[in-house]
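S.K.: Please read through the structure below; I'll follow up with questions.
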């Protein structure tokens, strides 16, 4: 599907922060994210080939003075390799929407809601990527709230095999994934083990 035909989109795949700075290199990169790369690429390929599907890439692209760096180490500065999609996903960018963000929530990035509002036939939003308990949840729940506010009947789906968070001595990935899944489920987001519908 041509990415300009937003009014025809029924299924939107949002790929959150599968960038070098979280997967491969830099202060915030974590090897624990690596195992979802194959499933994320599989979904991107299927949505790209779908007649009524579209992919949107969300990429951290911080200003050098980003206030977020008071909470997290400096990472994914706009224009650096860290802010670029991993190599496996770059080939799909010409067929996708790109949203750069300077916070942990893509919903506030330029044109994000504007594009969502153009998708009048939208039925499903599938959210994948990292990190489950930070940028994934901070997109999924506000977007669910937005659809509720606008009385739009759009399902938000999170396949648990295509999201992940970082793992460290004081941040156990399995525990934080479970917490994030509980909060998203409570907010009305549909959790599935694997997304099969495209």
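The values are calculated or read from the model by the stated rules, or taken from the named source; none is laboratory data. From a predicted model like this one, the values you see are computed outputs, not experimental measurements. Neighbour counts run over all protein chains shown; Cβ positions are idealised from the backbone, glycine included.
S.K.: Could you please let me know if residue 109 is within 25 Å of residue 71 (Cα to Cα) and either touching a strand residue (DSSP E or B) at 6+ places or on another chain (Cβ under 9 Å) or surrounded by fewer than 20 Cβ atoms within 10 Å (Cβ to Cβ) (or both)? Steps first, please.
M.R.: Values: within 25 Å of residue 71 (Cα to Cα): yes; either touching a strand residue (DSSP E or B) at 6+ places or on another chain (Cβ under 9 Å) or surrounded by fewer than 20 Cβ atoms within 10 Å (Cβ to Cβ) (or both): yes.
Yes, satisfied.
S.K.: Can you confirm whether residue 66 is at pLDDT below 95, over 29 Å from residue 10 (Cβ atoms) and crowded, with 17+ Cβ neighbours inside 10 Å? First the steps, then the outcome.
M.R.: Details: at pLDDT below 95: yes; over 29 Å from residue 10 (Cβ atoms): yes; crowded, with 17+ Cβ neighbours inside 10 Å: yes.
So residue 66 fits the description; yes.
S.K.: Restricting to segment 188-198, name every residue that is modelled with pLDDT of 95 or more, more than 18 Å from residue 134 (Cβ to Cβ) and part of a loop (DSSP other than H, G, I, E, B). Steps first, answer last, please.
M.R.: So the first thing to find is which residues in segment 188-198 are modelled with pLDDT of 95 or more, and the list is 188-195.
From the residues that got through so far, the ones that are more than 18 Å from residue 134 (Cβ to Cβ) too are 188, 190, 192-195.
Result: 188, 193, 194, 195.
S.K.: So, in segment 3-16, of the ones that are more than 22 Å from residue 141 (Cβ to Cβ) and touching a residue at least 40 places away in the same chain (Cβ under 8 Å), which residue ends up surrounded by the fewest Cβ atoms within 10 Å (Cβ to Cβ)? Working first, answer last.
M.R.: Within segment 3-16, the first condition is being more than 22 Å from residue 141 (Cβ to Cβ), and the residues that meet it are 3-8, 10.
Remaining after also requiring touching a residue at least 40 places away in the same chain (Cβ under 8 Å): 3, 6-8, 10.
On the way: 3: 17, 6: 20, 7: 10, 8: 15, 10: 16.
Checking each candidate, the answer is 7.
S.K.: Looking at 98, 36, 77 in this structure, which one is under 25 Å from residue 166 (Cβ atoms), surrounded by fewer than 19 Cβ atoms within 10 Å (Cβ to Cβ) and within 13 Å of the chain's Cα centre (by Cα)?
M.R.: Numbers: 36 fails: surrounded by fewer than 19 Cβ atoms within 10 Å (Cβ to Cβ); 77 fails: within 13 Å of the chain's Cα centre (by Cα).
When all the criteria are applied, what remains is 98.
Let's see how each residue does on (1) more than 27 Å from residue 167 (Cα to Cα); (2) surrounded by fewer than 19 Cβ atoms within 10 Å (Cβ to Cβ):
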residue	(1), (2)
18	no, no
22	no, no
45	yes, yes
53	yes, no
60	no, no
81	no, yes
89	no, no
93	yes, yes
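S.K.: Now, a different point. Of all residues in segment 17-43, how many are farther than 18 Å from residue 100 by Cβ, part of a helix (DSSP H, G or I) and either out of contact with any helix residue (DSSP H, G or I) (no Cβ under 7 Å at 6 or more places or on another chain) or in contact (Cβ under 8 Å) with a residue 60 or more places away in the chain (or both)?
M.R.: So the answer is 10.
S.K.: Just a yes or no: is a residue in segment 177-187 loosely packed, with under 15 Cβ neighbours inside 10 Å, assigned to a helix (DSSP H, G or I), at negative phi and in contact with a strand residue (DSSP E or B) (Cβ under 6 Å, 6 or more places away or on another chain)? Walk me through how you get there before you give the answer.
M.R.: At the first step, the residues of segment 177-187 found to be loosely packed, with under 15 Cβ neighbours inside 10 Å are 178-179, 182-183, 185-186.
Subsequent filtering for residues that are assigned to a helix (DSSP H, G or I) retains 178-179, 182-183, 185-186.
Checking which are at negative phi leaves us with 178-179, 182-183, 185-186.
With the extra rule that they be in contact with a strand residue (DSSP E or B) (Cβ under 6 Å, 6 or more places away or on another chain), the set shrinks to 185.
Yes, because at least one residue in segment 177-187 is loosely packed, with under 15 Cβ neighbours inside 10 Å, assigned to a helix (DSSP H, G or I), at negative phi and in contact with a strand residue (DSSP E or B) (Cβ under 6 Å, 6 or more places away or on another chain).
S.K.: With the condition kept exactly as written, say whether any residue in segment 121-143 is closer than 18 Å to residue 11 by Cβ and surrounded by fewer than 16 Cβ atoms within 10 Å (Cβ to Cβ).
M.R.: Within segment 121-143, one or more residues are closer than 18 Å to residue 11 by Cβ and surrounded by fewer than 16 Cβ atoms within 10 Å (Cβ to Cβ).
S.K.: Filter segment 168-183 down to residues that are over 15 Å from residue 129 (Cα atoms) and touching a helix residue (DSSP H, G or I) at 6+ places or on another chain (Cβ under 8 Å), then give me how many there are.
M.R.: Total satisfying the criteria: 2.
S.K.: Filter segment 108-129 for residues that are free of Cβ contacts under 8 Å to residues at least 60 places away in the same chain and in a loop (DSSP other than H, G, I, E, B) and give the result.
M.R.: Those that are free of Cβ contacts under 8 Å to residues at least 60 places away in the same chain and in a loop (DSSP other than H, G, I, E, B): 109, 110, 111.
S.K.: Considering only segment 79-101, how many residues are in contact with a strand residue (DSSP E or B) (Cβ under 9 Å, 6 or more places away or on another chain) and at pLDDT below 95?
M.R.: The qualifying residues number 1.
S.K.: Now a separate question. Taking segment 61-107 on its own, how many of its residues are touching a helix residue (DSSP H, G or I) at 6+ places or on another chain (Cβ under 9 Å), in a helix (DSSP H, G or I), within 17 Å of residue 18 (Cβ to Cβ) and touching a residue at least 12 places away in the same chain (Cβ under 8 Å)?
M.R.: The total comes to 7.
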